[in-house]
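Asker: First the structure, then my questions, so here it is.
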Protein chains: 2
Amino acid sequence: MPDGLLESIGSPADLKALAVDDLPKLAEDIRRRICDQCARTGGHLAPNLGVVDMTIAMHYVFDFAHDRLLFDVGHQCYAHKLITGRQHLFEKLKKRGGMAGFPDPRESKYDLFTVGHAGTSIPTAVGMARADTLLGQGDRHVVSLIGDASIVNGVAMEGLNNAGTLERQFLVVLNDNGMSIAKPQGAMAQYFDRMRVSPMYGQIKKRAHGVLKRVPGGDRIEDLYHRAGEMLKAAITTGHMFEQFGLLCVGPIDGHDIGTLIQILTEIRDFDRPILLHCKTVKGKGFEYAEGDATKFHSLGPFVVQDCRVETKSGGRSFTSAYADAMNDLMEKDDRIFTITAAMPDGTGVDKIMPKFPDRTLDTGICESHAMDMSAGMARSGLKPFFAVYSTFAQRALDQVFQEIALHALPVRVCMDRAGFVGGDGAVHHGFMDVSMFRVFPKAVLLAPSDEPTLRAGLEFMRRYDEGPSFIRYPRGNVSDTPFSQDVPPFELGKAVLVKPARGASGPDLAILAYGTQVYEAAAAIDELEVQGYDVSLYDARFAKPVDIELIERLIAAGTTILTVEDHTLIGGFGTCVLEACNERRLPTDSVYRMGMPEHWIYHDSRAGQLEQVGLDAAGIARHVRQILDKPTSMPPIRIDVTKARV
Amino acid sequence: MPDGLLESIGSPADLKALAVDDLPKLAEDIRRRICDQCARTGGHLAPNLGVVDMTIAMHYVFDFAHDRLLFDVGHQCYAHKLITGRQHLFEKLKKRGGMAGFPDPRESKYDLFTVGHAGTSIPTAVGMARADTLLGQGDRHVVSLIGDASIVNGVAMEGLNNAGTLERQFLVVLNDNGMSIAKPQGAMAQYFDRMRVSPMYGQIKKRAHGVLKRVPGGDRIEDLYHRAGEMLKAAITTGHMFEQFGLLCVGPIDGHDIGTLIQILTEIRDFDRPILLHCKTVKGKGFEYAEGDATKFHSLGPFVVQDCRVETKSGGRSFTSAYADAMNDLMEKDDRIFTITAAMPDGTGVDKIMPKFPDRTLDTGICESHAMDMSAGMARSGLKPFFAVYSTFAQRALDQVFQEIALHALPVRVCMDRAGFVGGDGAVHHGFMDVSMFRVFPKAVLLAPSDEPTLRAGLEFMRRYDEGPSFIRYPRGNVSDTPFSQDVPPFELGKAVLVKPARGASGPDLAILAYGTQVYEAAAAIDELEVQGYDVSLYDARFAKPVDIELIERLIAAGTTILTVEDHTLIGGFGTCVLEACNERRLPTDSVYRMGMPEHWIYHDSRAGQLEQVGLDAAGIARHVRQILDKPTSMPPIRIDVTKARV
């Protein structure tokens, strides 16, 4: 058990009451607490261990009840949360009712934005800085904490370019750990790699004068120079690449040296121009601690430590693994296939493809927009790019899909993992809108597998489909151990497949058209319903665009009630595709019902818990079917009133 | 009339046959041709005049039938098109059947991508470079031509960061004219501004050796150095900001000196590492030519020359102007309002707000993602941000709307000009998907004015609505001279307004629910229909989210056929909102019909021509209404077959 130093910290005020010399001990407590907790529940272990010292120093120097602290990506906020009165929530990290894995304004006033997508802390901070100044609150310091992998994301660089024009305090703390989620990618990562921690108190102060000339508002150089403290002058860097963005660049300094961090931050705090403080954190620093207590660390839970991430062993075969194996086979067969990931090689399974096809795989780093456009360029040159990306991150490349891909009907294949509810990562990571977002494009095809055999068949379909882009979605979680069939029929454009026929000769009471893995939830629901005497058939829809309108027409002609089921928002999802197609063909939709995600945010919980919350589990689907079928009539009463009234 | 040098150029081969000394004459011909044409039809005059010399030089040195030339934004492609066999199309610039204003692969093999949104040329070029090499076509040179305003767009910087890792030929030609669309914004613009054209053949060659060490694959430094030509060595720049992206930076050189451009490009052409050639083009260079022939220039057409853009006088009052005036009044009334534009001050009308409110307006430059996030930060701090942006460019900030705005229900106001068909700019600029894209977000409100009084009322509604983001859309074009009313009722959340009642006491044959300015097209259609004996009522829907479901329910209850009309894709548009709301309430939709943009791209034409093409003009709407009402029954025959068949 920790000795109680962390437990004594109820708020940042308690932290500020400690002597600087006590802070490393607090850091050690926090690290231990994070390791213990992550071992039990999983979590972003390494990123959080890396910023413990910087977080303590920032809270020591700033007052974030009033000042603004913006996290980037946000998966490094545990220390911050432990310091800001949320230790009691930590035991249920990422579970319903427990602590969110990302900053969350619902939890605390110390969290300004829920984030999980990279690069946004700088632009939002620019907005807050401008607004605070305008509203007479310019005394609120603004600090953005961002990693080296995030700062090269497009929106971060746009933000830096705009931050450089601010004429007020603005601090970007760059946490350069040289590792990011996977290995760093791109030229700038190599640049960071070359930078070494500055020799402090060296003979470099004379440079400061020259550098300050380049700070925006340079007509007040002399004034700025005299206001810069000795420590700051000593640490100013010349020729740092972000200097060209108009920021005064300081460091790199050691991001684990709390005493120096506090000294520098204190001098920087009130400097009235944008500053970038470059902190080097040692790769694996967090793990060193854990390794020093290796026995305890390894015995705490069902851990696998892989690169810098800690993944709980799920004990099953994930869609991600199934995807990797399927792609390996496809790439073996078709040497024009090229697989791309944007900083998610492990999350998307691309890491399992890379060793065999080093020349036909690429990790672009965190830059989904670039990766999508690069895919377009590859398709234009005749390759068959498969871009493996989380559904939620595909949102970042919508405009590239529009302009470079859809407008040219280029056959880029987008493979969206983490579609639907994602569990503990919560609202910021659900893949809830990929159908709605991509179905607007002419010639785009949207499909979803329900299990491993259909995943393979779907990918094979995509390999051959070259009339436009194709988008496949599959969830976080495992493929079914017992698929309906190991040998499924090939995907045929816009064709659904019957997986569970009606029992009675007169046809089913209701037909479920399920999109994606909801097929299996629906099948379980039907098992329950059959016992209760209902006769329900089940189709694996396979395609959201185009939908199987011939099937739907036959069902409607037969008077069969239809229920669409999907792990996607009801707004513009698969069910809506069905409604639109019916309307186009002038088919009545009185007997078409839709189930999907509701129109409100669903927060962190297990994926099963999230499906249950919104009734998309087997029990919820069965309940909904009974509600539909137990009505005296599926025709609404309003229908009967045909008197023409003046409206 | 030109003397025929341009007319003799049927393809780049003809260009290559000229002596270098003849090229300035050709450039003059091209400039004259561009000026003449733009005067007649309008067009992106200044951007095109600026790159004439560079375009000639590039075609002289490269063979773009085989090599890859990628334009960024693409509004600077006229000289390129004139050189590549399309002079005959130029007379109908941006008109149906004539030359597209942007690169267009449908016109020529020399155009690789249709573009109009900034920053994408580098990432697509990276994709083509990688693919060409992989496919054994590494001898295809890859060249991206990009302006100084575009290169700081996020996706361009992501692309540069990735380009820096290429170990093959890759050339970025930076057209630095220091002007972009409006004035350049951000710190990097200031940086570019400080750079001066390099003194060629100076004593700076010795630097080259050192710089080459920083090129990727630096283990072959000596080899690289010896392969660099004298001209290249002389022009290499040290400390250029893009050097940190891993590119060898050359220049700035004079982008109008064709001879030097050809010499440098020739030496650069086969250099097997990524190079950025920084060319300075003189601001207003094109206008100097025009000014030298000022009489002719001014007499050619209904021109207004404003900043660097040439806008044809439309002779009416645009939505843009109406927006600017309305915002001026709102900002007068409410000092928390802050208006933002992303490099489109004139296009959005923000330039007319800036003079009065310099502290509460901001042009961020071309970075819609940053601008959206900055707006979120401002809303978080208590301001009321209004982000004025073209609908098509709002696509670039979808993920920011998701994460920073919608997830926090922040009241950011997004004002989307150029919604619907945009006319001559064509498919790459239509605002065709803003409803579909933004309606997925909880608490988001989507609205549209039909004329100036409703625009004002809608903006006032947005000012007060603070439960989430709001999105208003209005088209390129004029407000109605004769609005239904000057004094319209305030916008009430989710309430439509009856603008044209049925004539008969028994109610209308059909009710049109029109979203946005389609109200006026529908009204004109009704005028025609009334003469023909049809009784059609008309509602201004005002809201796409939420739709006026009570009204729809009343109409359906009364047996009234409904037709939704919108200048937006039918996929997930206003009509779909109606279908979903009906389905949610179990209302039948047999008698709900929808009109909107079809599922294929509509290319350059006048806006009126585009509306006519897809039947969204008055005549088309009237035709559609007659088709609906003249049917023997609006109930599809299939409906009658209620026999349960096994499906």
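Asker: To one decimal in nm, how far is A:Ser485 from the same spot in the other copies, if labels go 7 Å from Cα toward Cβ? Please give the shortest first.
Answerer: Listed shortest first, these distances are 6.1 nm.
Asker: Then there's this: Alpha carbons only, please: Rg and Dmax for the protein assembly as shown, in angstrom.
Answerer: 30.8, 93
Asker: Which percent, nearest 5, of DSSP beta bridges in chain B are antiparallel?
Answerer: Of those bridges, close to 15 percent are antiparallel.
Asker: Is region A:1-55 rounded, prolate or oblate when judged by the Cα gyration tensor, a ≥ b ≥ c being the square roots of its eigenvalues, rounded requiring a/c under 1.5 and prolate requiring a/b larger than b/c?
Answerer: prolate
Asker: Something else now. Indicate the gyration tensor shape class of region B:314-473 (rounded, prolate or oblate), computed on the Cα atoms with a ≥ b ≥ c the square roots of the eigenvalues: a/c under 1.5 is rounded; otherwise a/b larger than b/c is prolate and the rest oblate.
Answerer: rounded
Asker: A:Arg626 label points, 7 Å along Cα→Cβ, one per copy: pairwise distances from this copy to the rest in nm, shortest first?
Answerer: Ordered by distance, the counterparts are at 5.5 nm.
Asker: Where the only charges are on Cβ atoms (+1 Lys, Arg; -1 Asp, Glu), what is the dipole of the protein assembly as shown about its Cα centre, to the nearest 20 debye?
Answerer: Details: 142 positive and 166 negative charges, 55 e Å.
So the magnitude is around 260 debye.
Asker: For A:Ile253, what residues show an amide H to amide H distance below 5 Å, using hydrogens built from the backbone and excluding near sequence neighbours?
Answerer: A:Ser198, A:His278, A:Cys279, A:Lys280
Asker: Taking B:Lys352 as the anchor, which aspartates and glutamates have their alpha carbon closer than 18 Å to its alpha carbon, excluding any fewer than eight residues away along the same chain?
Answerer: Excluding near neighbours in sequence, the set is B:Asp307, B:Glu311, B:Asp325, B:Asp329, B:Glu332, B:Asp334, B:Asp335, B:Asp363, B:Asp417, B:Glu452.
Asker: Another question about this same structure. What is the extension gain from B:Ala524 to B:Glu550, computed as 0.36 nm multiplied by their sequence separation minus the C-alpha to C-alpha distance, in nm to one decimal?
Answerer: 6.7 nm
Asker: While we're on this one: Could you tell me which residue out of A:Phe192, B:Ala427, A:Ala496 lies farthest along the dipole of the protein assembly as shown toward its positive end? Charges go on the beta carbon: Lys and Arg +1, Asp and Glu -1, centred on the Cα centre.
Answerer: In the protein assembly as shown, that residue is A:Phe192.
Asker: What is the set of long-range amide H partners of B:Val445 at a cut-off below 5 Å, with H atoms built 1.01 Å from backbone N?
Answerer: B:Ser470, B:Phe471
Asker: How many Cβ atoms of partner chains, on average, are near each residue of B:432-442 if near means within 10 Å of its Cβ?
Answerer: 5
Asker: Which whole-number percent of Cα pairs in chain A have a distance greater than 50 Å?
Answerer: 19 percent
Asker: Using amide H atoms built in the peptide plane, which far-off residues or other-chain residues are under 5 Å from A:Leu93 H to H?
Answerer: For A:Leu93, the qualifying residues are A:Met99.
Asker: Considering every residue in B:390-401, what mean count of other chain Cβ atoms within 10 Å of its Cβ is obtained?
Answerer: 5
Asker: Hey, another quick one. By Cβ position, which chain A residue lies least far from the axis that rotates chain A onto chain B, and what is the distance to the nearest whole angstrom?
Answerer: Of all Cβ atoms in A, the one closest to the rotation axis yields A:Gly154, 1.
Asker: For every other residue with a beta carbon closer than 12 angstrom to the beta carbon of A:Pro24, add +1 if it is Lys or Arg and -1 if Asp or Glu, then tell me the sum.
Answerer: Numbers: positive: A:Lys25, A:Arg31; negative: A:Asp21, A:Asp22, A:Glu28, A:Asp29, A:Asp53, A:Asp257.
Charge balance near A:Pro24 sits at -4.
Asker: In addition: Packing-wise, with mean Cβ within 10 Å as the measure, how do B:520-531, B:376-387, B:329-340 rank, highest first?
Answerer: B:376-387, B:520-531, B:329-340
Asker: Turning to a different aspect of this structure: State to the nearest 20 debye the size of the charge dipole of region B:314-473 about its Cα centre, where the only charges are +1 on K and R beta carbons and -1 on D and E beta carbons.
Answerer: Charge dipole of region B:314-473: 280 debye, to the nearest 20.
Asker: Counting partner chain Cβ atoms within 10 Å of every residue's Cβ in B:578-587, what's the average?
Answerer: 5
Asker: Also: Pop out the ³J(HN,Hα) list for region B:105-119 in order, Karplus 6.51 cos²θ - 1.76 cosθ + 1.60 with θ = phi - 60°, rounded to Hz; leave Gly and Pro as x.
Answerer: For region B:105-119, the Karplus-derived couplings read x, 6, 7, 7, 5, 6, 9, 8, 9, 6, 9, x, 9, 7, x Hz, x marking Gly and Pro.
Asker: Another question, if that's okay. Once a ≥ b ≥ c are taken as the square roots of the eigenvalues of the Cα gyration tensor of region B:497-629, is the result rounded (a/c under 1.5), prolate (a/b larger than b/c) or oblate (a/b not larger than b/c)?
Answerer: Taking the square roots of the gyration eigenvalues as a ≥ b ≥ c, region B:497-629 is oblate.
Asker: On to the next question. Among DSSP beta bridges lying fully in region A:497-637, give the percent that are antiparallel, nearest 5.
Answerer: Roughly 15 percent of the DSSP beta bridges within region A:497-637 come out antiparallel.
Asker: A follow-up question, please. Once you've got the Cα coordinates, tell me which of A:Lys94/B:Lys495; A:Lys94/A:Lys631; A:Lys545/B:Lys545; B:Lys95/B:Lys280; A:Lys545/A:Lys631; A:Lys545/B:Lys495 are over 29 Å apart. Don't jump to the answer; show the numbers that get you there.
Answerer: Numbers: A:Lys94/B:Lys495 40 Å; A:Lys94/A:Lys631 39 Å; A:Lys545/B:Lys545 23 Å; B:Lys95/B:Lys280 32 Å; A:Lys545/A:Lys631 31 Å; A:Lys545/B:Lys495 32 Å.
A:Lys94/B:Lys495; A:Lys94/A:Lys631; B:Lys95/B:Lys280; A:Lys545/A:Lys631; A:Lys545/B:Lys495, as the Cα separations exceed 29 Å there.
Asker: How far apart, in nm, are two points set 7 Å out from the Cα along the Cα-to-Cβ line at B:Asp329 and at B:Glu7?
Answerer: 5.5 nm
Asker: Give me A:Val250, B:Val488 sorted ascending by neighbouring Cβ count inside 10 Å, so fewest comes first.
Answerer: Values: A:Val250 30, B:Val488 22.
Taking fewest neighbouring Cβ atoms as first place, the list is B:Val488, A:Val250.
Asker: Mind listing the label-point distances from B:Arg168 to the same position on all other copies, shortest first, one decimal in nm, points 7 Å along Cα→Cβ?
Answerer: Reported distances to equivalent positions: 4.9 nm.
Asker: Can you tell me, using C-alpha contacts under 8 Å and at least 6 residues apart, the relative contact order of chain A as a whole percent? Please report the intermediate quantities before stating the final value.
Answerer: Values: 1313 pairs, mean separation 67.1, N = 647.
RCO, chain A: 10 percent.
Asker: Mind checking the dipole of region B:497-629: about its Cα centre, +1 per Lys or Arg Cβ, -1 per Asp or Glu Cβ, Debye to the nearest 20?
Answerer: Result for region B:497-629 is approximately 240 debye, rounded to the nearest 20.
Coordinate-derived values only; no laboratory data. What you see is a predicted model; the values in this text were computed from it and never measured. Counting neighbours? That spans all protein chains shown, and the Cβs are built from the backbone with ideal geometry, glycine included.
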